[in-house]
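Derivation of every value follows stated rules applied to the coordinates shown; laboratory data play no part. As the structure is a prediction and not an experimental result, all values here were calculated from the model. Positions of Cβ are backbone-derived with ideal geometry, glycine not excepted, and every protein chain shown enters the neighbour counts.
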Amino acid sequence: MNLFGKHLVCTQDWSVEELEAVLGLAAEMKKDRFSPKYTSLLAYKTFFMFFYNPSVRTRQSFECAATELGGHAQFLEPSSMRLKTSKSAGETIEDAAKVMSRYACGLGIRILEDKVQKYGDGEALIREYCENATMPIVSMAHDKFHPCQGLADVQGAREHLGSIKGKKLLLVWGHGALARSWCSVQESILINSRLGMNVTIANPKGYDLDPEVIAATKKNCQANGTKFEVTNEPVECYRGADIVYSRNWMSPNAYDAEKGFQKAKEVEQALKYTEWITDSKKMALTNNALYTHPMPVDRGHEVSDEVCSGKRSIIYDVAENRLHAQKAIMALTMSKFDYKPAGKDSAKRPVAA
Ligand code: CP
């Protein structure tokens, strides 16, 4: 399979077969990281990266990915590019996308809630680049979705559980001081429900995710004959979980119509829910669940140190998999590499029981 030129804004836009091609290739690339099969796929080519927001993993893993495929990743700060915004005159997305397509083999964009006026504006900007570029556009996390994170999550889960079909994912809200985006958690429930997991979402009242994403997740579960539930209860939800994913996320009230994203107010409110933390007592209710988180972790709020650094934590494997998943995405969409699945997906490599 080759997906040359295809954009990646959300995994829900891709077929299961296409997602499996990324996951299969990522697993092979992890096993044979510097194989000559891969090291020249982007030779002499440049991948542009627009970061409206800071990053550790995304920037570093994309830069490593480009290098390991024989190419180069160029970091670009949108504020230095004289782009048109709602508040200032400048170059249009159409012109920028068309010009950059003459130089690069692909463009990654990160734009989160504090850089947009309202929820959905980040995704709209990325989709406008998709409409105008003649190179593939990859979301490196925007206000709605984080597709590269979702793929790395699945790769990590499969490495430790084998098949994830029919297993229970608990996505549980954690209190904290960071007022986090919906992007990683919304991507996670979409891709995991799509690939056959039962999904339970637990959050305090007032912290519901995007109703459209919830409806799509429910539909994915219905299509697979799996369970989907949302609860406002912070303890019993852990029962029977195979994977626990705890994360803070902002409330839908975080966006003020005039002032945009209001972080301070969100943090003050979220810190009050101290019972919403993943700890060993709650993990004991699970089916010996793996613990995962997209990082950076707010230890002591979202999760205890004991669980986060415990034997069932897979956070570093998932973080590493960002590199392999992104290499696979770049090989499939930015080069003519024709991937033929070897058969099985990721090799099972269990962590301590
Ligand atoms: N998970 C993730 O995207 O990490 P960064 O924000 O550090 O890139």
Anchor K84: lysines whose Cα lies under 21 Å away (excluding residues fewer than 8 positions away in-chain)
K98, K115, K118, K259
Length gained when the stretch A124-K87 is fully extended (0.36 nm per residue, less Cα-Cα span)
11.6 nm
Semi-axes of region 76-210's equivalent ellipsoid from the Cα gyration tensor, sqrt of 5 times each eigenvalue, largest first, rounded to whole Å?
32, 19, 11
When the chain is fully extended, how far beyond the present Cα-Cα distance does R299 get from R239, taking 0.36 nm per residue of separation?
19.4 nm
Cα centre as origin, Lys/Arg/Asp/Glu Cβ charges: region 1-73 dipole, Debye:
280
Once you put a point 7 Å from the Cα of R102 and another 7 Å from the Cα of S40, both along the Cβ direction, what distance in nm separates them?
2.9
From the convex hull of the Cα coordinates of region 7-111, what is the mean projected area in square nanometres?
7.9
Binning every alpha carbon pair distance of region 135-208 at 5 Å from zero, what are the percents per bin?
3, 15, 23, 23, 19, 12, 4, 1, 0
Can you list, bin by bin at 10 Å, the percent of alpha carbon pairs in region 149-316, starting at 0?
11, 42, 37, 10, 1
Looking at region 149-316 only, what percent of DSSP beta bridges run antiparallel? Nearest 5 please.
10
Run the reach check for K282 against aspartates and glutamates, Cα to Cα strictly under 16 Å, same-chain hits fewer than 8 apart removed. What comes back?
E233, E236, D242, E302, D305, E306
Counting pairs of alpha carbon atoms under 8 Å apart in space and at least six apart in sequence, what relative contact order in percent does region 44-175 give?
23
Rg from C-alpha atoms of the chain, normalised by the globular rule of thumb 2.2 N^0.38 Å, equals 0.96
Projected area averaged over all directions for the convex hull of the alpha carbon atoms of region 176-247, nm², comes out at 4.8
Can you give me the P(r) profile for region 231-353? Cα pairs, bins 5 angstrom wide beginning at 0, each as a whole percent.
2, 9, 15, 16, 15, 13, 12, 10, 6, 3, 0
Just subtract the alpha-carbon distance of E94 and Q222 from 0.36 nm times their residue separation and send over the number in nm, one decimal.
42.2 nm
Give me the aspartates and glutamates in straight-line cross-link reach of K31: C-alpha distance below 19 Å, same-chain residues under 8 apart excluded.
E20, E68, D153, E159, D317, E320, D338, D345
